[in-house]
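Let me begin by presenting the structure, written as structure tokens, before commenting on it.
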Amino acid sequence: MRTRYGVSPWLDTFPSKRRPDYPRLRGEHTADVVIVGGGLTGCATAYACAAAGMRPFVVEADRVGWGSAGRSAGMLLADPGVAFKDIVKAHGLRAARRVFEGYRKASLDAAATLRRLNIRCDLTPVDDVLVAVREGEKDLRRERDARDDAGLDAKWMTGESARKSMGLAAVGAFKTGPGFTLDPYRACLGLASAAKSRGATFFDRSAVKKVRVGRKQVDIVLDGGVVHADTVIVTTGVATAEFKPLRRHFTTRETYLVLTEPLPAAMRKGLGADGLTIRDTASPRHRLRKTKDGRLLIAGGDRDEAPLRQREAIRIQRTGQLMYELLMMYPAISGLQPEYGWEMAYGETADGLMYIGPHRNYPRHLFALGSSGDTLAGAFLAARVLARAAADDVDKADEVFGWTR
């Protein structure tokens, strides 16, 4: 089997005839809100704004869903992907609880929304498990105890129980709560379609060149036109060139992903139970899931963004490395081949949390930037916060995700 490098399976397997072909933006337009970035956060925000009665425009420099959303591992988890005790240390217990409770609510609300809208994206309920493999039980237990003391989901699993359910050489684990797996590209397109049916307008291949702020409006200048709006919402993952002063808050990172060929039935028996997403405590960490058609997906090997000239070689090296590490976890998969190997870029913040909301230096702007790279729940959390802010219905509890935290 020949491995397809640099290609996301979510994009590759979606029928080309069914991909939406949104127009380029041309001429002068007026909207209530302009959303810059047509990924999952942008599409979820467009739907939330349209459902609240606003007229959003979404402008995407490439194609809707082709960015990090369509290249992710497709995990919609209640856990933000950072240690609870680290957030307590950085921001205090009350703020940490709000963060984790916010992600949990966002995960459940997102699944409910996808189901209500009948978006077919292989949404599957799972238990999310954080596991220590071979070592690290004491640190993991301290993390679990901190969450349990705060009243968060954190059901401890003994090493024996973890080994039986996951097929790993685990010394301890705990369940972080309910989660979901899905096809992120189909979810993104489904939300875009739902937003469009409620009055949102989408434009592909329409790069923003400049944003001009006036007393009564903001003008978004693009390659082929301009949009006048009350508010601009930036959902590009990391700060783009127009917002250079904000770049110091982010480190552009890449995580690498591998999707194997389908597992033979005999091989699957030694890989533990289905219905789990697994994240370990290694550095860099691994994220594991099974797909609906019986494959293994592993993400890991995170590193700072590679120079363009080195990207292909590093992609091939990381694919081989992840397959070796997967074999060390599951010796029964000997001989299994990778069918896809690709990478996803994300903006890492100092505390691992997104920045969501207004910034004092950018009037009439709202932002949703940064990610831990682990869960898509942040997209739906951001959509809720941003739609409220755009409607001038700010919840003080949202400040925990703001720029002044």
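The values are calculated or read from the model by the stated rules, or taken from the named source; none is laboratory data. The structure displayed is predicted, hence computed values, not measured ones. Every residue, glycine as well, gets a Cβ built from its backbone with ideal geometry; the counts of neighbours run over all protein chains shown. Calculation scope for accessible area: heavy atoms of the full protein, side chains included, ligands and nucleic acids excluded. Shrake-Rupley method; radii C 1.70, N 1.55, O 1.52, S 1.80 Å.
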Requested in this report: Go through segment 240-285 residue by residue and tally those that are assigned to a strand (DSSP E or B) and either open to solvent by less than 40 Å² (accessible area, probe 1.4 Å) or without any contact (Cβ under 8 Å) to a residue 60 or more places away in the chain (or both).
Outcome: 12
**Report entry** Subset of segment 286-302 that is in a loop (DSSP other than H, G, I, E, B) and touching a strand residue (DSSP E or B) at 6+ places or on another chain (Cβ under 8 Å) - its residue that is most open to solvent (accessible area, probe 1.4 Å)
**Finding:** Lys292
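Every residue, every condition in (1) of a type in the set (A, V, I, L, M); (2) closer than 21 Å to Val385 by Cα; (3) at pLDDT below 95, yes or no:
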residue: Asp32; (1), (2), (3): no, yes, no
residue: Leu40; (1), (2), (3): yes, yes, no
residue: Pro56; (1), (2), (3): no, yes, no
residue: Gly81; (1), (2), (3): no, yes, yes
residue: Ile87; (1), (2), (3): yes, yes, no
residue: Ala110; (1), (2), (3): yes, yes, no
Query raised in the report: Which members of segment 361-405 meet the condition of being free of Cβ contacts under 8 Å to residues at least 40 places away in the same chain and touching a Phe, Trp or Tyr at 6+ places or on another chain (Cβ under 6 Å)?
Result: none
Requested in this report: Check Gly81, Gly70, Gly65 and return the single one that is out of contact with any strand residue (DSSP E or B) (no Cβ under 6 Å at 6 or more places or on another chain), assigned to a helix (DSSP H, G or I) and buried (at least 16 other Cβ atoms within 10 Å of the Cβ).
Outcome: Gly70
Report task. With respect to Arg198, determine if the residue is open to solvent by 30 Å² or more (accessible area, probe 1.4 Å), closer than 29 Å to Lys290 by Cβ, touching a helix residue (DSSP H, G or I) at 6+ places or on another chain (Cβ under 8 Å) and among the charged types (D, E, K, R). Result -> no
**Report entry** Matching residues, segment 339-364, being closer than 17 Å to Glu399 by Cα, outside any loop (DSSP other than H, G, I, E, B) and open to solvent by less than 10 Å² (accessible area, probe 1.4 Å)
**Finding:** Ile356, Gly357
Query raised in the report: Could we say that Glu305 is surrounded by fewer than 19 Cβ atoms within 10 Å (Cβ to Cβ), touching a Lys or Arg at 6+ places or on another chain (Cβ under 9 Å) and not polar (S, T, N, Q) here?
Result: yes
Report task. Scan segment 135-147 and report the pairs whose first residue is in contact (Cβ under 8 Å) with a residue 12 or more places away in the chain and over 13 Å from Val82 (Cα atoms) and whose second residue is among the aromatic types (Phe, Trp, Tyr) and open to solvent by 30 Å² or more (accessible area, probe 1.4 Å), with Cβ atoms within less than 8 Å and a gap of 6+ or a chain change. Result -> Arg141/Trp156
Requested in this report: List the number of the failed condition for Ile119; all other conditions in (1) part of a helix (DSSP H, G or I); (2) open to solvent by 20 Å² or more (accessible area, probe 1.4 Å); (3) of a type in the set (A, V, I, L, M) hold.
Outcome: (1)
Query raised in the report: Is it true that Arg405 is in a helix (DSSP H, G or I) and open to solvent by 30 Å² or more (accessible area, probe 1.4 Å)?
Result: no
Query raised in the report: Does segment 126-145 contain at least one residue that is in a loop (DSSP other than H, G, I, E, B) and in contact with a helix residue (DSSP H, G or I) (Cβ under 6 Å, 6 or more places away or on another chain)?
Result: no
